[in-house]
Amino acid sequence: MKLSFIGLPLSGKTTLFEALSRTTGGPEQKSENRIGMVNVPDIRIDRLSAMYNPKKTTYAKVNYFLPGAVMGADQKAKEQRWADVRDSDAFIHVIRNFDQPGYGAPQPAADFKKIEEELIFADLLVTEKRLERLEADKKKGRGYDAEEHRLMQDIHAMLENEEPLRSRPDLTAHPLLKGFAFLSGKPVLVVFNNDDHNETMPDLTGHEGRTDCMAVRVQLEHEISRMNDSDAAEFLQEYGIHETARNRIIQKSYEMLGLISYFTVGEDEVRAWTIQRESTAVEAAGEIHSDIQKGFIRAETISYDDLMAAGSMAEARKKGTVRLEGKTYIVQDGDIMNFRFNV
């Protein structure tokens with residue numbers, strides 16, 4: 001899963017990317033695309049690892065993408081910027097909410113609207129080109145799909161009304177439209193980049209319900225990410241910070257994509273496996289190996305809470321909280337599973 005950073009210049013995209021990925025880049029990397037693979041913090045994995053003392057512990061992961069700077073303000077440059085992030089699953093929209101000498105007071109609502117308009121306009125161009133092609137096919141009687149035409153007209157009407165497509169996920173998820181990867185249809189986490197002494201959330205009146213928002217002191221998070229664990233813990237305690245914004249952003253990124261984790265445990269490895277919410281047991285088995293999915297018999301399952309309450313798998317079996325589930329069982333976040341299969 002890939003989340004890309006978007007936002008106006010000087011909003012702090014690079015600073016936040018480096019805080020999340022714990023990487024460092026120089027000015028020479030400004031024009032380069034950068035990818036950071038990040039562990040999803042999960043206290044459940046930590047506790048399971050302490051219980052089993054495995055040789056290896058594997059967390060769920062998300063990928064963050066920071067596109068390189070594209071110079072120019074013409075339409076070609078804009079199209080290139082959006083082409084680089086079109087295959088993303090979601091966006092992290094960073095908005096300046098701190099004073100920047102020479103650039104005036106922050107205007108977060110206006111900055112949000114500017115990027116929102118660019119997403120909508122980019123989708124409008126794609127939609128109009130496709131409608132032209134469909135209408136030409138209809139006239140010539142070749143490969144015309146009336147259902148796709150109707151869906152595209154609905155999307156075009158929304159975009160002309162300056163409405164982002166993310167407000168209609170049922171529409172953009174239609175099988176005939178998935179391949180278009182509409183920009184304004186992707187989930188967005190808005191991160192307001194506040195200065196070190198400001199924790200307030202700016203007002204985005206009129207945009208409620210379209211996005212998730214967080215106010216983050218990005219420069220402070222960047223500094224914390226450079227500390228070792230001991231120094232970071234001491235710093236957080238001194239300033240009364242219970243959890244870093246870094247952890248909250250990563251966890252929110254995971255949730256925003258509709259993802260959950262189930263676990264496999266043992267002496268060799270404790271591991272979090274990533275699946276879409278509402279996945280079945282047989283689909284979850286396929287995340288480990290296609291042979292397990294093909295030969296699926298049953299899934300020995302216990303919830304994380306039940307295992308912690310029992311103290312061990314042996315005690316959980318005595319209590320009767322370990323159960324066998326079939327192919328159609330809907331996996332719950334935090335399930336611990338052991339698949340029985342025959343190939």
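Key figures
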quantity: Extension gain (nm, one decimal) between residue 343 and residue 176, 0.36 nm per residue minus Cα-Cα; calculated: 56.6 nm
quantity: Anisotropy class of the stretch 227-343 from Cα gyration tensor, a/c 1.5 cut; calculated: prolate
quantity: Separation of alpha-carbon centers, the stretch 134-171 and the stretch 195-259, rounded to whole Å; calculated: 39
quantity: Where labels lie 7 Å past Cα in the beta-carbon direction, separation of residue 107 and residue 308 in nm; calculated: 4.8
quantity: Fluctuation leader among 170, 333, 123 - the chain, Gaussian network, Cα springs under 10 angstrom; calculated: 170
quantity: Residues residue 268 and residue 31, FRET efficiency given R0 of 30 Å [Cβ-Cβ distance, rounded to 0.05]; calculated: 0.10
quantity: 20 Å reach of a label modelled at residue 133, 7 Å along Cα-to-Cβ, counting backbone N of the stretch 75-93; calculated: 76, 79-88
quantity: Amide proton proximity set for residue 269, modelled H, under 5 Å, gap of 5+; calculated: 55, 56
quantity: Of every Cα-Cα pair in the stretch 146-266, the percent that sits beyond 21 Å; calculated: 57
quantity: Environment charge at residue 217 (Cβ cut-off 9 Å; Lys +1, Arg +1, Asp -1, Glu -1); calculated: -4
quantity: Debye log10 I(q)/I(0) at q = 0.10 Å⁻¹ for the stretch 11-124, Cα point scatterers; calculated: -0.44
quantity: Coordinate range along principal axes, alpha carbons of the stretch 278-341, Å, largest first; calculated: 32, 21, 17
quantity: Rounded D (µm²/s) - the stretch 77-147, Kirkwood Rh over Cα pairs, Stokes-Einstein at 10 °C, 1.306 mPa s; calculated: 103
quantity: GNM result for the chain, Cα springs below 10 Å: residue of 169, 41, 101 fluctuating most strongly; calculated: 101
quantity: Over 32 Å between alpha carbons, listed pairs 129/327; 61/318; 56/294; 55/319; 13/178; calculated: 129/327; 61/318
quantity: Using distinct alpha-carbon pairs, which all enter the 1/r mean, Kirkwood radius of the chain in Å; calculated: 22.8
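None of the figures in this text is laboratory data; all of them are computed from the coordinates on show. In this text the structure is predicted, and so the values were computed from the model without any measurement. Here Cβ is always computed from backbone atoms with ideal geometry, including for glycine, and neighbour counts include all displayed protein chains.
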